[in-house]
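**Q** Quick one: the structure is below, and I'll ask about it shortly.
The values are calculated or read from the model by the stated rules, or taken from the named source; none is laboratory data. Note that the structure is a prediction, hence the values are computed from the model and not measured. Here the Cβ positions follow ideal geometry from the backbone for every residue, glycine too, while neighbour counts run over all protein chains shown.
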Amino acid sequence: MPRLNHLRSVSAALVMALASASAASAQSDTEKFFTGKSLDFIIGARAGGGYAVYAAVLQRHIGKYLPGHPQVVGRYMDGAGSLIAANYLYTKAPKDGSTFGALFMGAVMDPLIGEVGQARFDPRKFSFIGSANKETSVCVAWHTSDIQTFEDLFKKELIVGTSGVTSSIRQYPTVLNNVLGTKFKLITGYPGSQDAALAMERGETQGICGLQWSSLITSYPRWLENNQVRILTQISSPEGDPELNRRGVPNMWASVKNEADRRVLSVIFSQLEFGRPYMLPPGVPADRIAAYRTAFDATMKDADFLAEAKKLSIDIAAVSGERVQQLVEKIYATPPADIEKAKEALK
């Protein structure tokens with residue numbers, strides 16, 4: 001009996017040693033991959049805008065938490081509301097973990113509710129690393145406009161500049177017109193939200209709708225300081241953004257009249273739950289996906305990262321990669337009838 005117990009102890013120790021060696025080998029292989037690497041960070045936005053600012057801060061800090069501390073190089077790939085970048089990540093980017101991306105949240109939704117033919121990717125097959133925040137959008141009127149409140153938009157026209165098909169400044173006023181009955185007049189052709197904002201300042205337009213609240217306070221704080229804009233409504237969760245609630249800004253959901261409209265709006269605005277998403281192409285090995293997610297989570301708590309975010313006035317309310325993955329799967333499981341209604345609302 002003592003001999004049997006001895007054999008059991010030896011066997012258990014051998015199993016533990018083999019497991020430990022296997023884990024060490026896997027860790028070593030992951031670190032070996034990243035060591036000395038220069039990682040491509042594909043940013044599907046124009047330099048200087050809100051998405052680009054968030055991505056640039058992440059770029060400067062995430063490398064120290066990846067195994068082997070690789071260099072991270074940002075590459076701007078603007079166009080079609082991040083669809084060019086999304087198509088590249090899905091079809092052409094290396095699938096080994098050497099490339100990851102930042103896309104507009106609208107691009108993640110495009111294969112579900114967007115125009116047919118532009119998106120050549122399935123967002124469910126991306127491996128999401130995380131999102132830097134949950135987002136809230138706002139609609140604003142320039143101070144010279146005669147639009148004073150959100151209720152005025154149901155009676156009077158407000159001219160707003162819009163951008164690409166997946167951009168929120170094009171999608172959100174379109175949806176509010178088609179579902180709630182507002183009277184935004186859309187002027188198309190602006191390359192991005194920065195251009196649309198400048199157009200408003202120059203007097204070419206009277207407002208902008210679908211601008212992210214975090215972008216407004218980061219890029220245009222003077223609008224608030226100088227009372228140059230009126231914030232007409234917030235597009236957020238039904239609970240609303242705490243700061244906008246404090247300012248007395250009405251929530252778009254208060255104007256929803258029936259359950260059918262609520263379901264349609266939920267399909268479109270659910271993307272706000274992952275406002276600044278980052279992802280890997282399909283097919284990246286599981287250990288490298290795990291390394292990115294761990295590094296992202298650590299970066300979101302890093303003191304230097306948070307200090308830089310505070311200095312730039314960008315809001316950090318991180319969502320884990322696993323949670324973003326779940327949200328995307330849930331959205332893409334929406335009943336077909338609701339999806340078709342959402343598509344109609346975007347036309």
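**Q** Answer yes or no: is there a residue in the stretch 112-119 that is in contact with a helix residue (DSSP H, G or I) (Cβ under 6 Å, 6 or more places away or on another chain) and farther than 25 Å from residue 241 by Cβ.
**A** yes
**Q** Another one. Would you pick out the residues in the stretch 165-202 that are surrounded by fewer than 15 Cβ atoms within 10 Å (Cβ to Cβ) and closer than 23 Å to residue 260 by Cβ?
**A** Across the stretch 165-202, the qualifying residue is only 181.
**Q** Oh, and also: Does at least one position in the stretch 115-128 carry a residue that is over 15 Å from residue 83 (Cα atoms) and in contact with a strand residue (DSSP E or B) (Cβ under 7 Å, 6 or more places away or on another chain)?
**A** Yes, there is a match, as at least one residue in the stretch 115-128 is over 15 Å from residue 83 (Cα atoms) and in contact with a strand residue (DSSP E or B) (Cβ under 7 Å, 6 or more places away or on another chain).
**Q** Sticking with this one: Is it true that residue 138 is under 21 Å from the mean Cα position of the chain (by Cα), aliphatic (A, V, I, L, M), surrounded by 24 or more Cβ atoms within 10 Å (Cβ to Cβ) and closer than 25 Å to residue 237 by Cβ?
**A** It is true that residue 138 is under 21 Å from the mean Cα position of the chain (by Cα), aliphatic (A, V, I, L, M), surrounded by 24 or more Cβ atoms within 10 Å (Cβ to Cβ) and closer than 25 Å to residue 237 by Cβ.
**Q** Is there any pair linking a residue in the stretch 315-341 that is in a helix (DSSP H, G or I) to one that is hydroxyl-bearing (Ser, Thr, Tyr), with Cβ under 7 Å and at least six apart or on different chains, and which?
**A** 324/131; 331/270
**Q** State all residues of the stretch 211-244 that are part of a helix (DSSP H, G or I) and touching a strand residue (DSSP E or B) at 6+ places or on another chain (Cβ under 7 Å); if no residue qualifies, say none.
**A** 213, 216, 223, 244
**Q** Moving on. Out of the residues in the stretch 30-73 that are under 22 Å from residue 311 (Cα atoms) and over 21 Å from the mean Cα position of the chain (by Cα), which is surrounded by the fewest Cβ atoms within 10 Å (Cβ to Cβ)?
**A** 64
Residue-wise test of (1) of a type in the set (S, T, N, Q); (2) out of contact with any helix residue (DSSP H, G or I) (no Cβ under 6 Å at 6 or more places or on another chain); (3) under 24 Å from residue 93 (Cα atoms).
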site: 254; (1), (2), (3): no, yes, no
site: 258; (1), (2), (3): yes, yes, no
site: 279; (1), (2), (3): no, yes, yes
site: 296; (1), (2), (3): no, yes, yes
site: 305; (1), (2), (3): no, no, no
site: 315; (1), (2), (3): no, no, no
site: 324; (1), (2), (3): no, no, yes
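**Q** Residues being closer than 13 Å to residue 183 by Cβ, in a loop (DSSP other than H, G, I, E, B) and of a type in the set (A, V, I, L, M, F, W, C): count how many of those fall in the stretch 139-170.
**A** Number satisfying all stated conditions: 1.
**Q** Got a number for residues in the stretch 264-288 being over 14 Å from the mean Cα position of the chain (by Cα), assigned to a helix (DSSP H, G or I) and surrounded by 17 or more Cβ atoms within 10 Å (Cβ to Cβ)?
**A** So the answer is 4.
**Q** Since residue 292 meets every condition but one in (1) modelled with pLDDT under 95; (2) crowded, with 21+ Cβ neighbours inside 10 Å, which condition does it not meet?
**A** Here residue 292 meets the rest and fails (1).
**Q** May I pose another question? What's the number of the only condition in (1) without any contact (Cβ under 8 Å) to a residue 60 or more places away in the chain; (2) under 22 Å from residue 166 (Cβ atoms); (3) part of a loop (DSSP other than H, G, I, E, B) that residue 204 fails to meet?
**A** It is condition (2) that residue 204 fails.
**Q** Still on this structure, please answer the following. Give 145, 163 a once-over and let me know the one that is of a type in the set (S, T, N, Q), more than 29 Å from residue 317 (Cα to Cα) and in contact (Cβ under 8 Å) with a residue 12 or more places away in the chain.
**A** Just one listed residue meets the conditions, 145.
**Q** Moving on to the next point. Checking residue 97 against (1) in contact with a Pro (Cβ under 8 Å, 6 or more places away or on another chain); (2) surrounded by fewer than 18 Cβ atoms within 10 Å (Cβ to Cβ), only one condition comes out false. Which one?
**A** Among (1) in contact with a Pro (Cβ under 8 Å, 6 or more places away or on another chain); (2) surrounded by fewer than 18 Cβ atoms within 10 Å (Cβ to Cβ), the lone unmet condition for residue 97 is (2).
**Q** I'd like the residue in the stretch 221-247 that is surrounded by 15 or more Cβ atoms within 10 Å (Cβ to Cβ) and of a type in the set (D, E, K, R) and, out of all such residues, is farthest from residue 183 (Cα to Cα).
**A** Once the filter is applied, the top-ranked residue is 241.
**Q** Still on this structure: Out of all the residues in the stretch 284-314, which are touching a Phe, Trp or Tyr at 6+ places or on another chain (Cβ under 8 Å) and among the acidic types (Asp, Glu)?
**A** Within the stretch 284-314, just 302 meets the criteria.
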